[in-house]
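Input: a single structure, listed below in structure tokens.
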Amino acid sequence: MNDDEINFWLDLSQEISKEVEKAINEARDDPEVTSITKIGADGTPTHKIDEYAEDAAISVIRNCKKSLILISEEIGTIKIGEDEAEVVLIMDPLDGTSNAMKNIPCYGISIAIAEINDESELEHVTLGDIEIGFIKNFPTCDEYISIKGKGATKNGKPMTISSIPKVSEATVSTYVYRAKEGELDKLCTSVRRMRLMGAIAIEMCYVADGTYDVFLDIGAVRVFDIAAAQLIIKENKGIVTDINANVLESQLDLMETTSIIAAANQEIHEDLIKLLN
């Protein structure tokens with residue numbers, strides 16, 4: 001992408017974010033906002049607050065005068081626009097739905113964008129092709145942006161990622177409910193601190209900005225949940241692999257899943273791999 005294209009998609013991401021946050025705040029007046037309305041395209045229950053968020057996002061996208069392929073949690077994969085699609089836009093309109101419903105201040109939006117030359121390329125586009133990552137934590141107003149090859153920022157400023165080399169000194173976030181019995185025993189007895197906020201994209205940004213040292217999910221995290229955040233971490237010199245230390249090259253598909261280790265540096269990544277194996 002050239003600079004003009006990057007700026008267009010970043011401006012669009014910020015406009016989507018603005019309208020989604022507004023819709024979520026307005027949705028709180030709806031007495032049924034926490035009710036389950038359907039099963040989304042990703043196979044998980046959709047709450048009414050999710051629909052408010054996604055509808056607001058799609059309304060902005062439809063008015064942007066560009067053609068694209070949208071992959072989003074509730075609606076699935078759709079084409080927007082009449083011309084040949086220029087990009088694939090992978091979106092989680094509301095990362096941390098339960099937090100949003102309970103007013104726990106860790107929820108927001110995740111948008112990742114990859115350029116395509118032909119719509120037939122879609123099945124070959126992977127996490128490695130993501131060129132723009134945009135995440136905002138609505139309650140804190142923290143905005144994380146990354147551009148492939150150009151670094152990552154938080155609120156427009158560079159971030160300082162952790163240099164802690166050992167798991168025994170680390171703050172780690174891990175989704176323990178996906179683990180089988182005994183799988184994380186060694187980690188739980190070795191790590192200094194464990195945290196779990198329930199918003200994957202935002203928590204991965206906490207690795208990028210030095211709040212966490214590691215984010216870990218040994219089960220099946222959905223690729224669209226991590227599409228933007230993995231670029232933000234990598235563009236701030238962090239390490240993102242699966243639990244076998246393989247580079248993530250998962251297809252950009254709503255149902256695609258992977259294990260993940262997002263680590264602040266190579267030393268702590270290697271220490272964690274040894275601990276898990």
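Glu249 sits among other residues whose Cβ lies under 12 Å from its own Cβ, and their net charge, with Lys and Arg +1 and Asp and Glu -1, is -3.
Scattering from the chain was approximated by placing one identical point on each alpha carbon and applying the Debye formula without solvent; log10 I(q)/I(0) at 0.11 1/Å stands at -0.59. Within the accessible surface of region 192-277, defined with a 1.4 Å probe on protein heavy atoms only, the carbon and sulfur portion equals 45 percent.
Once the 1.4 Å probe is applied to the protein heavy atoms, region 93-243 comes out at 40 Å² accessible per residue. Overall, the accessible surface of region 112-169 at a probe of 1.4 angstrom is composed of carbon and sulfur to the extent of 47 percent.
Computed over the chain with a Gaussian network model linking Cα atoms closer than 10 Å, the most mobile of Gly128, Gly43, Gly76 is Gly43. Compute the signed sum of charges (Lys and Arg +1, Asp and Glu -1) over the other residues within less than 15 Å, Cβ to Cβ, of Arg195. In short, -3. Relative to the dominant Cα principal axis of the chain, helix 266-276 is inclined by about 70°. To the nearest ten degrees, helix 48-62 and the longest principal axis of the Cα atoms of the chain are 60 degrees apart. Diffusion coefficient (Stokes-Einstein, Kirkwood radius over C-alpha pairs, 10 °C, 1.306 mPa s) for region 1-84: 114 µm²/s, rounded to a whole number. Among residues other than Thr44 with Cβ under 10 Å from its Cβ, the summed charge is -3 (Lys and Arg +1, Asp and Glu -1). Taking a straight Cα-Cα cut-off under 30 Å and skipping sequence neighbours fewer than 8 places away in the same chain, the lysines within cross-link reach of Lys274 are Lys148, Lys166, Lys180, Lys186, Lys234, Lys237.
Calculated on the Cα set of region 124-267, radius of gyration then Dmax: 14.3, 42 Å. In region 19-97, the portion of solvent-accessible area held by carbon and sulfur atoms comes to 45 percent [1.4 Å probe, whole percent, DNA, RNA and ligands not counted].
Once Rh is set to the Kirkwood radius over Cα pairs, what Stokes-Einstein translational diffusion coefficient, in µm²/s, holds for region 75-183 at a temperature of 20 °C and a viscosity of 1.002 mPa s? Estimated via Stokes-Einstein, D reaches 126 µm²/s.
Per residue, the accessible area of region 1-57 comes to 52 Å² when a 1.4 Å probe rolls over the protein heavy atoms.
The protection proxy used here, the mean number of other Cβ atoms lying within 10 Å of each residue, ranks peptides 149-156, 14-21 as follows, highest first: 14-21, 149-156.
The values are calculated or read from the model by the stated rules, or taken from the named source; none is laboratory data. Keep in mind the model is a prediction, meaning the values are calculated, not measured. Neighbour counts run over all protein chains shown; Cβ positions are idealised from the backbone, glycine included. Calculation scope for accessible area: heavy atoms of the full protein, side chains included, ligands and nucleic acids excluded. Shrake-Rupley method; radii C 1.70, N 1.55, O 1.52, S 1.80 Å.
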